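First up is the structure itself, then whatever we jot down about it.
Read the figures in this text as sums done on the coordinates, not as results from a lab. Quick caveat: nothing in here was measured; it's all calculated off a predicted structure. No Cβ is skipped: glycine too gets one built from the backbone with ideal geometry, and neighbour counts run over all protein chains shown.
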Amino acid sequence: MPSGLSAAAKRAWVSICDDLEAQGTLVKTDRKIVELYARTYALFLRTEDQLAEEALSLGSEGRKFVNPLANLYTTLEGRLHRILLDCGLSPTTRKTAPNLGKNPYKDITDGEL
């Protein structure tokens, strides 16, 4: 697991590694995309929490605009979706993803990187 991950990112790292391992597609060379997913997911959760405390639109009467956090939330959601597709973690991509069988890179979650 990379250093410097927040607690939420660490949980996301373990979760996606477990999912990839379960389908037999976790390989050591995917550690950068796994890290990207973990960091993006943690930011997504922070944005979601912050957005829950704020209004979706800001400004005064006649001069309202969309909260920038709503745009960030949508952008992060799209990025996460693309990463999951790239990793074969959607019903559609799972049908075409190769199954590597027994995972030779189980140490990806053991801090051996």
Practice item. Hey, could you check the stretch 19-41 for residues that are without any contact (Cβ under 8 Å) to a residue 40 or more places away in the chain and closer than 15 Å to Leu84 by Cβ and say which is surrounded by the fewest Cβ atoms within 10 Å (Cβ to Cβ)? Key: Ala22
Point to revise | Given (1) free of Cβ contacts under 8 Å to residues at least 24 places away in the same chain; (2) surrounded by fewer than 16 Cβ atoms within 10 Å (Cβ to Cβ); (3) not aromatic (Phe, Trp, Tyr), index of the condition Asn67 fails | key: (2)
**Study point:** When residues of the stretch 61-97 are limited to those that are polar (S, T, N, Q) and part of a loop (DSSP other than H, G, I, E, B), the one nearest to Tyr37 (Cα to Cα)
**Key:** Ser90
Study note, to complete from the structure: Taking the stretch 42-60 and keeping only residues that are surrounded by fewer than 12 Cβ atoms within 10 Å (Cβ to Cβ) and assigned to a helix (DSSP H, G or I), one is left with Asp49, Ala52, Glu53
Study note, to complete from the structure: Subset of the stretch 12-41, residues touching a Phe, Trp or Tyr at 6+ places or on another chain (Cβ under 9 Å) and not in a helix (DSSP H, G or I), comes to Leu26, Val27
